[in-house]
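For reference, the structure discussed in these notes is given below.
Derivation of every value follows stated rules applied to the coordinates shown; laboratory data play no part. Bear in mind the structure is a predicted one, so any value in this text is a computation, not a measurement. Using ideal geometry, Cβ is built from the backbone for each residue, glycine included, and neighbour counts are taken over all protein chains shown.
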Amino acid sequence: MSEAELVRRAVEARSKAYAPYSGFAVGAALLTKDGRVFTGCNVENASYGLTVCAERVALFKAVSEGVREFRALAVACGQGPCAPCGACRQVLYEFAPDLLLILADGEGKAWETVRLSELLPRGFGPKELGR
Ligand code: THU
């Protein structure tokens, strides 16, 4: 699947964002090793701290369907590309320490790519626990 198509899926997912408090909509599209795509959007809550980011929604959807191997994650948000928050970096690192991240603006007009390993160097993962 092309970067452009995965970005398109992230932009589509962004339209489902539930973000009445921040007004900041985010969409994510996670490409699995076997070519499937799991999407997610941010889901906010009146108890603000319970909000879940788009990236984690996409990842948890995939893992809960039995998928643990990933190729790339496209994220669409804001005026310009933004990178996953620290919590999401850690959660993604568990399954794909070198995941390709495709960071796009909210409309998917422009994007850049970066590896998760660059955003989370020396991350703490299963290896540290001997797994
Ligand atoms: N958010 C994400 O969904 N992903 C990120 O990587 C950064 C932040 C959401 C959480 C919250 O709903 C809103 O953006 C503002 O922080």
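Filter the stretch 52-80 for residues that are part of a strand (DSSP E or B) and either aliphatic (A, V, I, L, M) or touching a Leu at 6+ places or on another chain (Cβ under 7 Å) (or both); which is farthest from the ligand (Cβ to nearest atom)?
The selected residue is R71.
Mind checking which residues of the stretch 1-28 are of a type in the set (A, V, I, L, M, F, W, C) and in a loop (DSSP other than H, G, I, E, B)?
M1, A17, A19, F24, A25, listed by residue number.
Starting from the stretch 29-47, take each residue that is assigned to a strand (DSSP E or B) and list its partners that are within 13 Å of the ligand (Cβ to nearest atom) and of a type in the set (S, T, N, Q), counting only C-beta distances under 9 angstrom and pairs at least six apart or across chains.
Going by the 9 Å Cβ cut-off, the qualifying pairs are A29/T39; L30/T39; V43/T51.
Answer with yes or no whether C77 is crowded, with 21+ Cβ neighbours inside 10 Å and either in contact with a Gly (Cβ under 7 Å, 6 or more places away or on another chain) or touching a residue at least 12 places away in the same chain (Cβ under 8 Å) (or both).
Numbers: crowded, with 21+ Cβ neighbours inside 10 Å: yes; either in contact with a Gly (Cβ under 7 Å, 6 or more places away or on another chain) or touching a residue at least 12 places away in the same chain (Cβ under 8 Å) (or both): yes.
Yes; evaluated as a whole, the condition is true for this residue.
Within the stretch 95-131, how many residues turn out to be more than 15 Å from V7 (Cβ to Cβ), in contact with a Lys or Arg (Cβ under 9 Å, 6 or more places away or on another chain), surrounded by 11 or more Cβ atoms within 10 Å (Cβ to Cβ) and not aromatic (F, W, Y)?
Restricting attention to the stretch 95-131, the residues satisfying the condition of being more than 15 Å from V7 (Cβ to Cβ) are 95-99, 115-131.
Keeping just the survivors that are in contact with a Lys or Arg (Cβ under 9 Å, 6 or more places away or on another chain) gives 95-99, 116, 119-120, 123, 125.
Checking the rest, the ones that are also surrounded by 11 or more Cβ atoms within 10 Å (Cβ to Cβ) come to 95-97, 99, 116, 119-120, 123, 125.
Filter once more, keeping what is not aromatic (F, W, Y): 96-97, 99, 116, 119-120, 123, 125.
Total satisfying the criteria: 8.
If you scan the stretch 6-39, which residues turn out to be closer than 20 Å to Y93 by Cβ and near the ligand (Cβ under 8 Å from one of its atoms)?
If the condition is that a residue be closer than 20 Å to Y93 by Cβ and near the ligand (Cβ under 8 Å from one of its atoms), then V26, A28 are the ones that fit.
Going by the conditions given, is A96 touching a strand residue (DSSP E or B) at 6+ places or on another chain (Cβ under 6 Å), within 16 Å of A13 (Cα to Cα) and more than 10 Å from the ligand (Cβ to nearest atom)?
no
Out of (1) in contact with a Cys (Cβ under 7 Å, 6 or more places away or on another chain); (2) at positive phi, the odd one out for R56 is which?
Among (1) in contact with a Cys (Cβ under 7 Å, 6 or more places away or on another chain); (2) at positive phi, R56 violates only (2).
Taking the conditions exactly as written (of a type in the set (A, V, I, L, M, F, W, C) and touching an Asp or Glu at 6+ places or on another chain (Cβ under 8 Å)), does F24 satisfy them or not?
no
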